[in-house]
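The values are calculated or read from the model by the stated rules, or taken from the named source; none is laboratory data. All of these numbers come straight from a predicted model, not from anything done at the bench. Cβ placement follows ideal geometry from the backbone for every residue including glycine, while neighbour counts extend to all protein chains displayed. With ligands, DNA and RNA removed, areas are computed over all heavy atoms of the protein, side chains included. Shrake-Rupley method; radii C 1.70, N 1.55, O 1.52, S 1.80 Å.
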Amino acid sequence: MTAITVHCLGAFRDLGDHFTVEVDDVSVSCIREAVSRHLVGVNRSDLDAVLKRSVFAEGDELLKDHVTVSGNEVSLLPPVAGG
Amino acid sequence: MDLFARNEGERYLCGLIDGPCQTTGLDDLVQDPAHGAIAQFFGVVRNHNEGLSATAVDYDVHPELALKALSELCLDVCADYPVKLVMIHSRGLVRVGEASVVIAASSAHRKDALGAVTDAIDQLKIRVPIWKKEIGLDDEQRWLDGHSLRKD
């Protein structure tokens, strides 16, 4: 198992600045599933719909679900709403 | 801390600043003796949204990604229009009546400057990693929904 630190942005800030999930492999899809389980664990399943529309980033790169992360930290970006 | 990016040819300047944006002096940044038109857009926090009253918006930003997205957006707009362009967005608290985003473009003729500003704000709203937390009269806070960056 690998520990991945997930940095929270936007609506996910309600969970704190970051949290950690454990994953079997470091694909983004696996991290997404682990975050979904985390939301259940902290009684915030209401954010699961936001999670489905969110994207993960590593550094300044947006990641598609099939890729693997190279480090152990990602950012979780909900739908954007600037302006 | 304020963050700015500028391209080598100085066709554009973009940035993120803490707190509200200044709405004066923006035209000076895009002045060009060959340009006969300057268009500006100020996005200002209003006191209502979706039937609810608001007193302020707290903007959350991913600094690295937002500056990268703003730079790419400026490059795209400058590729589409022969303009000089400035785009600055706030992060943190911006109160009603204060500007959260300011954009200015200059061009030889007005259509390009007006088109560039319109495209810039339209694209900013769907491409740049910035999030709004609206603050109500009773200090109630809610995150506003937006556009997904997910491509798969």
If you check B:Lys151 against the conditions, is it open to solvent by 10 Å² or more (accessible area, probe 1.4 Å), of a type in the set (Lys, Arg) and either assigned to a helix (DSSP H, G or I) or in contact (Cβ under 8 Å) with a residue 60 or more places away in the chain (or both)? no
Give the residue, chosen from B:Arg46, B:Arg11, that is within 14 Å of chain A (Cβ to nearest Cβ) and among the basic types (Lys, Arg). B:Arg46
Would you check if A:Val80 is modelled with pLDDT of 95 or more, open to solvent by less than 10 Å² (accessible area, probe 1.4 Å) and more than 11 Å from the chain's Cα centre (by Cα)? yes
Taking region B:1-59 and keeping residues among the β-branched types (Val, Ile, Thr) and in a loop (DSSP other than H, G, I, E, B) leaves B:Thr23, B:Thr24, B:Val45, B:Thr55
Checking the condition in contact (Cβ under 8 Å) with a residue 60 or more places away in the chain and closer than 17 Å to B:His62 by Cα, which residue from A:Leu76, A:Leu62 passes? A:Leu76
Give region A:45-59 a look and list any residue that's open to solvent by 60 Å² or more (accessible area, probe 1.4 Å) and touching a residue at least 24 places away in the same chain (Cβ under 8 Å), or say none. A:Arg53
List every residue pair whose Cβ atoms lie under 6 Å apart, where the two residues are 6 or more positions apart in sequence or sit on different chains, the first residue falls within region B:10-37 and is touching a residue at least 40 places away in the same chain (Cβ under 8 Å), and the second residue, located anywhere, is among the aromatic types (Phe, Trp, Tyr) and open to solvent by 20 Å² or more (accessible area, probe 1.4 Å). B:Gly15/B:Phe4; B:Thr23/B:Phe42
Can you tell which of B:Asp152, B:Asp122, B:Asp138, B:Asp58 is modelled with pLDDT under 95, out of contact with any helix residue (DSSP H, G or I) (no Cβ under 8 Å at 6 or more places or on another chain) and within 14 Å of chain A (Cβ to nearest Cβ)? B:Asp152
Members of region A:2-12 found to be on the phi < 0 side of the Ramachandran plot and either crowded, with 16+ Cβ neighbours inside 10 Å or in a loop (DSSP other than H, G, I, E, B) (or both), listed by number: A:Ile4, A:Val6, A:His7, A:Cys8, A:Leu9, A:Ala11, A:Phe12
Have a look at B:Gly97, B:Gly115 and point out the one that is of a type in the set (Gly, Ala, Ser) and assigned to a loop (DSSP other than H, G, I, E, B). B:Gly97
Restricted to region B:55-77 and to residues being over 15 Å from the mean Cα position of the chain (by Cα) and more than 29 Å from A:Val74 (Cα to Cα), the residue most open to solvent (accessible area, probe 1.4 Å) is B:Thr55
So which residues in region B:104-119 are surrounded by 21 or more Cβ atoms within 10 Å (Cβ to Cβ) and within 13 Å of chain A (Cβ to nearest Cβ), if there are any at all? B:Val117
Which of the following residues is at pLDDT 95 or above, more than 7 Å from chain B (Cβ to nearest Cβ), under 13 Å from the mean Cα position of the chain (by Cα) and under 20 Å from B:Ile130 (Cα atoms): A:Val55, A:Val26, A:Val50, A:Val69? A:Val50
